[in-house]
Amino acid sequence: MSTLVIRSQRVLTEGELRPASIAVQDGVIAAIGGFEEFGSGGDHHDFGEAVVMPGLVDTHVHINEPGRADWEGFETATRAAAAGGLTTLIEMPLNSIPATTSVESFRAKMAAAEGQLAVDVGFWGGVVPGNTPELRGLHEAGVFGFKCFLVPSGVPEFEAVGEPELREALPVLSALGAVLLVHSELPGPIETAAVEVAGDDPKRYSTWLKSRPRAAENEAIALLIRLSREFDARVHVVHLSSSDALPDLRRARAEGTKITVETCPHYLRFAAEEIREGATEFKCAPPIRERENRELLWQALLAGSIDLLASDHSPCPPDMKCARTGDFMRAWGGIASLELSLPVMWTEARQRGAGIAEIARWLCQGPAKLAGVKGKGAIAVGCAADMVVWHPDAQFRVDAATLYHRHKLTPYAGRELHGVVKATFLRGQKIYDRGDFPAPAVGRVLRRGQA
Ligand SMILES: [Zn+2]
């Protein structure tokens with residue numbers, strides 16, 4: 001049996017950076033020892049001072065294939081992932097056609113992914129009006145959990161649910177032990193705001209911001225806390241933007257409610273005050289809010305009140321972003337950023353006193369735990385040898401044209417970031433090496449429960 005050895009002066013294992021050697025057999029971490037422990041012969045990589053960390057896990061990615069592969073596709077998205085140090089993605093059930101709301105459509109998605117993956121990809125199923133009878137089948141077929149919207153999703157195949165549908169689905173999901181991810185905005189406050197902004201300039205970011213008030217998020221989260229408690233169900237708030245909801249979330253979690261929460265790098269990096277007129281590459285829902293809101297999200301993240309970070313990578317063709325007209329109200333809501341989560345978060349975190357162990361908790365362990373992906377998100381004996389090798393002190397300027405996802409429009413274009421990915425390993429195979437993809441398409445379709 002051939003053994004691969006990866007070593008560096010800074011391996012992140014058991015929550016700390018230390019000199020270590022990692023011995024890999026058949027794609028699995030077989031042993032972790034001192035820097036000199038496994039000799040230097042054979043298939044041996046010495047990464048010196050570079051950080052060796054678990055491959056990132058991103059549980060909120062829209063790949064849109066089959067059906068809307070012109071927006072993004074498995075090949076481009078997973079290459080971008082490999083280049084960004086990600087080794088596992090859990091893909092959202094909507095924007096593909098069909099949406100992943102039945103066992104049949106789940107099979108169609110797995111078939112579309114097969115043979116195209118540079119990293120591992122698993123799938124969330126969807127909860128939409130009328131598909132409660134499909135939920136058990138989807139769970140058994142291997143989706144990692146479910147996603148629903150409380151407001152229109154932006155695509156007609158994936159309809160929003162309300163409290164009655166949640167009351168139907170949650171007992172089923174609770175019995176299965178499956179988590180429900182929720183786009184947490186309620187329509188009421190958004191409808192009220194729509195009247196208020198009707199005459200405002202659609203090119204101004206403040207118009208978009210006002211049209212998606214914090215109340216929509218706060219009220220949705222209050223409802224989800226009540227329902228999670230009532231049905232003893234696992235509920236996960238995706239892409240939290242409103243810091244006003246944090247006290248309720250903290251209280252519910254302290255009381256043992258099974259509610260978890262993520263936020264995204266763009267809410268932690270950008271602020272509404274800085275978004276130029278017509279800069280629709282910043283549009284997402286819920287919106288990027290004020291600087292003061294961002295600081296409260298940071299405090300919650302650093303205090304452990306936010307479980308994980310996910311990119312919510314959701315690109316579309318440039319025309320749909322209304323780049324020419326700069327119309328925030330008509331532009332597609334979604335930020336393209338998959339490849340940049342690590343450097344964006346590291347650039348911000350290092351200025352706020354957080355370390356690489358926190359980065360791994362937010363971008364590796366936290367997401368792996370949410371989805372229950374086995375053997376991912378840690379450098380530990382028995383885990384998959386999924387690793388990113390990167391230089392935390394190196395800097396680069398984001399050249400959008402060189403990003404690997406399909407459409408290059410991104411709010412990170414031109415930004416100076418810290419943290420350069422040197423190599424990515426998936427199950428011990430080097431899948432990315434400074435601009436090269438030495439082992440293309442070795443990613444697998446993951447199903448819940450598989451090792
Ligand atoms: Zn999303």
What is segment 160-238's relative contact order, in percent, from Cα pairs under 8 angstrom and six or more apart in sequence?
-> 46 percent
Neighbour-count order for His313, His139, His407, fewest beta carbons within 10 angstrom listed first | His407, His139, His313
Arranged by the count of other C-beta atoms within 10 angstrom, fewest first, what order do Val381, Val344 take?
-> Val381, Val344
Distant alpha-carbon pairs in segment 1-150 (separation over 25 angstrom), percent | 44 percent
Taking a label point 7 Å from the Cα of Glu274 along Cα-to-Cβ, the residues of segment 333-375 whose backbone nitrogen sits under 19 Å from it are 334-354
For segment 64-117, state what percent of all Cα-Cα pairs lands in each successive 10 Å bin, counting from 0 Å until the bin that includes the largest distance.
-> 25, 56, 17, 1
Between Asp70 and Arg444, the two model label points (7 Å from Cα along the beta-carbon direction) sit apart by a distance in nm of 3.5 nm
Extension gain (nm, one decimal) between Met329 and Asp232, 0.36 nm per residue minus Cα-Cα = 31.1 nm
Modelled FRET efficiency - R0 35 Å, Glu255 with Arg107, Cβ distances, 0.05 increments | 0.30
How far apart, in nm, are the 7 Å Cα→Cβ label points at Asp244 and Glu290?
-> 1.1 nm
What number comes out for the charge environment of Gly130, summing +1 per Lys or Arg and -1 per Asp or Glu over other residues with Cβ under 10 Å away?
-> -4
Spacing of the two label points (7 Å from each Cα toward its C-beta) at Glu163 and Lys374, in nm | 4.0 nm
Ascending count of other beta-carbon atoms within 10 Å, so fewest first, for His266, His391 = His391, His266
Over segment 387-451, what is the relative contact order in whole percent, taking alpha-carbon pairs under 8 Å and six or more residues apart?
-> 30 percent
Treating the angle as unsigned and between 0 and 90°, give the value, to the nearest 10°, between the Cα long axis of helix 163-176 and the longest Cα principal axis of the chain.
-> 30 degrees
Quotient of Cα Rg and 2.2 N^0.38 Å for segment 152-199, N being how many residues it contains | 1.50
Which whole-number percent gives the relative contact order of the chain, counting Cα pairs below 8 Å spaced six or more residues apart?
-> 21 percent
Stokes-Einstein at 4 °C, 1.567 mPa s, Kirkwood radius from Cα pairs: D for segment 299-430 in µm² s⁻¹?
-> 78 µm²/s
Taking only the alpha carbons of the chain, what extent do you get along each of the three principal axes, in Å, biggest first?
-> 70, 46, 43
DSSP-assigned coil residues among GluC sites (Glu not before Pro) in segment 148-224, each with at most 12 further Cβ atoms within 10 Å = none
Two decimals is fine: what is log10 I(q)/I(0) at q = 0.10, 0.17, 0.19, 0.20 Å⁻¹ for segment 168-305, from a Debye sum with one equal scatterer on every Cα and no solvent?
-> -0.36, -0.92, -1.08, -1.15
Taking the dipole about the Cα centre of the chain, with the C-beta of Lys and Arg at +1 and of Asp and Glu at -1, give me whichever of Gly278, Phe106, Trp346 is farthest to the positive side.
-> Trp346
May I ask you to compute the full-extension gain from Glu49 to Ala401, defined as 0.36 nm times their residue separation minus their alpha-carbon distance, rounded to one decimal in nm?
-> 123.8 nm
Among DSSP beta bridges whose residues both lie in the chain, state the antiparallel percentage, nearest 5.
-> 50 percent
Find how many whole Å separate the alpha carbon centroid of segment 338-396 from the alpha carbon centroid of segment 145-178.
-> 30 Å
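Each reported figure results from applying straightforward, stated rules to the coordinates on display, with no laboratory input. Because the structure is a prediction, the values reported are computed rather than measured. Every residue, glycine among them, receives a Cβ derived from its backbone with ideal geometry; neighbour counts consider all protein chains shown.
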